[in-house]
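Written below as structure tokens is the structure these notes are about.
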Amino acid sequence: MLLTIETSHRPATDIGYLLHKNPAGLQSFDLSFGTAHVFYPLAEEDRCQVCVLLDVDPVGLVRGRGDRSLDQYVNDRPYVASSFLSVAINKLFSTAMNGRSKERQELIDQPLPLKATLAVVPSRGGEDLLHRLFEPLGYSVNAIRHPLDEKFESWGHAPYYTLTIEHYLPLQALLQHLYVLVPVLDNSKHYWVSEDEVDKLLARGESWLPSHPEKDLITRRYLKHQRQLTRDALARLAIEDDLDPDASDKAHDAEEDRIEKPLSLNEQRIGSVLAALKACGASTILDLGCGEGNLLRELLREKQFTRIVGMDVSIRSLEKTSEKLRLERLPDMQRSRIDLLHGSLMYRDERLAGFDAAACVEVIEHLDPPRLRAFERAVFEFARPGAVVITTPNREYNIMWESLPAGQFRHRDHRFEWTRDEFRFWAERMAAAHCYSVRILPIGPLDDRFGAPTQMGVFVR
Ligand code: SAH
């Protein structure tokens, strides 16, 4: 059983400090059900991969027990991700799981670009379950289903998948999600299930489980259908949900719905873009099509960004930005960090060259499709920042906005809105043509069928 966690945070090898496992060598740990090995196939400044290899000993597991049926020896336990992996994660990475790091405490809460691959997960609920469990937490999910036997195609598929999940989030959160959700996927006899599992579930799920749309299923399966335990856990989750000030505001929010909804999506979008920009380690940032400066305001708050340039084709927007951010009244030090430029993304512009990263938030859909080519060259070929973060609406989600008549775009000035496939296709073509790699992430509440309202492409050179 193999779990790989990879990051492109810089320096990527910081993940070794977070996990308290030195990238330099192989380390092995004895566990009651076998051995866990931790090693780094790749440990470089811009990419680091850490592997957990579990060597489960099925014979050792049954030794000393009376019942010796064949399936106790011949089973999938050594090969698939199961509760053994959760036990191992808890043992090997307990400091990280508990949110502590001796040498990199500042990275504990910081969202990092993380990708986890589980070589084999059993998902008896099919691929759909993988999406339902991980996507509400913001992951992009890729699952490859395996045949029962490669030599005998007609035997059909096995309930086993290679699962890759990607997201910008703190490492602690990724470990907690895996800890709880891997046994949920497996759903066969767990290595545990006792009263104190309720506590463990609550401890590891505290910050995210109460608002997960599948919290009932997760709790039920994690506690392996033990009704009383499940009831206790759900009751406690409900209480904790009530104690959460954000949650108790929910009822209130409903009243302000129409205004509040787009506002909170806007906030989520800015949060995600900001996290992506921070994660790529950028100091100098362009905000292309900055509008009235919503992102610029947040960029100014982050010390990491030493030079910030907002650019827009609309002079009126730039004037408003200048007023809103009170640029004239900023202290000199702050004022020198930011500039506003009037310009158009349709043209090559020397002033845009040499930046670490560029954001282009909800802009491309305002461009006429025949002119998109000019934009592509202006950004990816001429300005050519180290990273580009682009967001745009996901047209498929429009059906979810009650107030939007069918077939219409969200904004009168939108020239097009792309489906997820259309955006992915465009983004991958851009990346390939201009030597970037790209990752696509959802922003906002995820719907099973239609995805999230906003889609974000993070391009890195
Ligand atoms: N990024 C901002 C504004 C999005 S609205 C935000 O998220 O709040 C789209 C913005 O793109 C508008 O401010 C518009 O003036 C700008 N825009 C449209 N065409 C442009 C072009 N060719 N060059 C630069 N900016 C453009």
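One residue stands out in the range 40-59 among those that are closer than 22 Å to Ser86 by Cβ and modelled with pLDDT of 95 or more: the one that is surrounded by the most Cβ atoms within 10 Å (Cβ to Cβ), namely Val50.
Picking from residues in the range 396-426 that are among the hydroxyl-bearing types (Ser, Thr, Tyr) and closer than 30 Å to Ser437 by Cα, the one that is modelled with the highest pLDDT is Thr419. Just need a number here: residues in the range 412-444 that are open to solvent by 30 Å² or more (accessible area, probe 1.4 Å) and either in contact (Cβ under 8 Å) with a residue 40 or more places away in the chain or at positive phi (or both). Number satisfying all stated conditions: 7.
Residues being at pLDDT 85 or above, assigned to a loop (DSSP other than H, G, I, E, B), on the phi < 0 side of the Ramachandran plot and acidic (Asp, Glu) are represented in the range 207-216 by at least one member. Take Leu372 and tell me if it is in contact with a Phe, Trp or Tyr (Cβ under 6 Å, 6 or more places away or on another chain) and either surrounded by fewer than 16 Cβ atoms within 10 Å (Cβ to Cβ) or modelled with pLDDT under 95 (or both). Judged against the criteria, Leu372 is not a match. Pairs meeting the criteria (first residue in the range 142-163 and touching a residue at least 24 places away in the same chain (Cβ under 8 Å), second residue open to solvent by 50 Å² or more (accessible area, probe 1.4 Å) and part of a helix (DSSP H, G or I), beta carbons under 9 Å, at least 6 apart or on different chains) are Tyr161/Glu127.
Taking into account only those residues within the range 304-351 that are open to solvent by 50 Å² or more (accessible area, probe 1.4 Å) and part of a loop (DSSP other than H, G, I, E, B), which is nearest to the ligand (Cβ to nearest atom)? Ranking the candidates gives Val313 first.
Of the listed requirements (1) more than 13 Å from the ligand (Cβ to nearest atom); (2) under 25 Å from the mean Cα position of the chain (by Cα); (3) at pLDDT 95 or above; (4) open to solvent by 20 Å² or more (accessible area, probe 1.4 Å), Gly354 misses just one: (2). Within the range 300-321, being in contact with a strand residue (DSSP E or B) (Cβ under 8 Å, 6 or more places away or on another chain) and over 19 Å from Arg351 (Cα atoms) holds for Leu300, Thr321. Pairing each residue of the range 175-186 that is on the phi < 0 side of the Ramachandran plot with any residue that is hydroxyl-bearing (Ser, Thr, Tyr) and part of a helix (DSSP H, G or I), provided the two are 6+ apart or on different chains, yields C-beta distances under 7 Å for Tyr179/Ser86; Val180/Tyr222; Val182/Ser86; Pro183/Ser83; Pro183/Ser86; Pro183/Tyr222; Val184/Tyr222; Asp186/Ser83. Among the residues of the range 382-405, none qualifies, meaning not one is over 23 Å from Ala275 (Cα atoms), within 13 Å of the ligand (Cβ to nearest atom), open to solvent by 30 Å² or more (accessible area, probe 1.4 Å) and not hydrophobic (A, V, I, L, M, F, W, C). Restricting attention to the range 184-206 and to residues that are out of contact with any Lys or Arg (no Cβ under 9 Å at 6 or more places or on another chain) and buried (at least 19 other Cβ atoms within 10 Å of the Cβ), the residue that is modelled with the lowest pLDDT turns out to be Leu201. Considering (1) near the ligand (Cβ under 9 Å from one of its atoms); (2) more than 30 Å from Leu171 (Cα to Cα), the lone condition that Glu362 does not fulfil carries the number (2). Taken over the range 265-292, residues that are part of a loop (DSSP other than H, G, I, E, B) and more than 8 Å from the ligand (Cβ to nearest atom) amount to 4.
The values are calculated or read from the model by the stated rules, or taken from the named source; none is laboratory data. Not measured: the values here are computed from a predicted model. FYI the Cβ positions are ideal-geometry reconstructions off the backbone, even for glycines, and counts take in every protein chain you see. Side chains included, ligands, DNA and RNA excluded: accessible areas come from the protein's heavy atoms. Shrake-Rupley method; radii C 1.70, N 1.55, O 1.52, S 1.80 Å.
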